[in-house]
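Single-structure report; data block below.
The values are calculated or read from the model by the stated rules, or taken from the named source; none is laboratory data. Worth saying up front: this structure is predicted, and the values here are computed from it rather than measured. Every residue, glycine among them, receives a Cβ derived from its backbone with ideal geometry; neighbour counts consider all protein chains shown. The area values use the complete protein model at the heavy-atom level, side chains included, leaving out ligands, DNA and RNA. Shrake-Rupley method; radii C 1.70, N 1.55, O 1.52, S 1.80 Å.
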Amino acid sequence: MARADFKGYPAEVSIRATIPRSTHPGQIRKAAELIATAKRPVIYGGGGIIHADASEELTRLVDQTADPNDPPP
């Protein structure tokens, strides 16, 4: 542990993002297979869903992957 003098915030910050601009069809296929074969899949959507205004799409995904024999929560 040590102390340091705060010299202020930088004027600009550059962070290299690793967010893909597009998704490879193979990745989508693999995710779909994992969801389809899961015994009790859990879909956890965070703030990005709201930020992207994609709640309707998430709801459709949940509806399409739901087991018709399971009662709704």
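Tilt of helix 55-65 relative to the longest C-alpha principal axis of the chain, in degrees (0 to 90, nearest 10)?
Helix 55-65 sits roughly 40 degrees off the main axis of the chain.
Quick one: with all protein chains in place, what share of the accessible area of the chain is carbon or sulfur, to the nearest percent (1.4 Å probe)? If you can, show how the numbers build up before the last one.
On the way: 4320 of 7780 Å².
Carbon with sulfur: 56 percent of the solvent-accessible area.
Mind checking which of 35, 23, 47 is farthest towards the positive end of the chain's charge dipole, using Cβ charges of +1 (Lys, Arg) and -1 (Asp, Glu) about the Cα centre?
23
Given a 1.4 Å probe, how much area per residue of the chain is accessible, in Å²?
On the way: 7780 Å² over 73 residues.
Accessible surface, normalised per residue, equals 107 Å².
Each label point is 7 Å from the Cα along the Cα-to-Cβ direction; what then is the distance between the points at residue 40 and residue 59, in nm?
Here the answer is 2.6 nm between the modelled labels.
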